[in-house]
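Asks: One structure, pasted below without further comment.
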Ligand code: SF4
């Protein structure tokens, strides 16, 4: 029994260490790390679901900040002058998922590029734009053309990833 307890303790400590190292490597802004999607290490974060909008997904990380819980989306490339619209849409979908899961509206989401992080406000306007984008996809219904590529990286950068039923999972880490 003592051996099992020790093993659990060791596993817990290893996960905490892995999460902290991941956050440090990613250069995340300050905040208490409450969830990291370590799928590559066999520790995928829980999938978040918004049944109302038909969204599912897993942000790369969740941070508890002084202003509330915020999702983090990590992009490996260098930061553009302004975040790409598709990245913002993807991040807003994660904000909406956090809202659905926690019952609290995140004040913003974080887009972390290799060399810079952006705090993107989860405004009512941003949420309305997200809903419009989702409604556009849903309106296409059966007319939606089949996926024309076999490139997970393209899906990873796509703003519709949380609402798309043809998305490709990335080879390493990522969402559902
Ligand atoms: S398959 Fe879906 S998630 Fe992937 S690029 Fe196309 S629309 Fe975006």
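Asks: Within segment 59-176, which strands (runs of 3 or more DSSP E) (wholly inside it) include 3 or more residues that are without any contact (Cβ under 8 Å) to a residue 40 or more places away in the chain? Walk me through it before giving the result.
Replies: On the way: elements: 61-65, 68-74, 108-112, 117-121.
Here the list reads 61-65, 68-74, 117-121.
Asks: Given the conditions (1) more than 10 Å from the ligand (Cβ to nearest atom); (2) surrounded by 13 or more Cβ atoms within 10 Å (Cβ to Cβ); (3) under 19 Å from residue 60 (Cα atoms), report the number of the one that residue 90 does not fulfil.
Replies: (1)
Asks: Take segment 146-166 and flag every residue that is near the ligand (Cβ under 6 Å from one of its atoms) and under 12 Å from residue 55 (Cβ atoms). Full working, then the answer.
Replies: At the first step, the residues of segment 146-166 found to be near the ligand (Cβ under 6 Å from one of its atoms) are 147, 154-155, 158, 160-161, 164, 166.
Answer for segment 146-166, where residues must be near the ligand (Cβ under 6 Å from one of its atoms) and under 12 Å from residue 55 (Cβ atoms): 160, 161, 164.
Asks: Still on this structure, I have one more. For segment 118-144, which residues satisfy the criterion of being within 9 Å of the ligand (Cβ to nearest atom) and either at pLDDT 85 or above or farther than 19 Å from residue 51 by Cα (or both)?
Replies: Selection gives 144 alone.
The values are calculated or read from the model by the stated rules, or taken from the named source; none is laboratory data. As the structure is a computational prediction, the values presented were derived from the model and not from experiment. Heads up, the Cβs are rebuilt from the backbone with ideal geometry, glycines too, and the neighbour counts pull from every protein chain shown.
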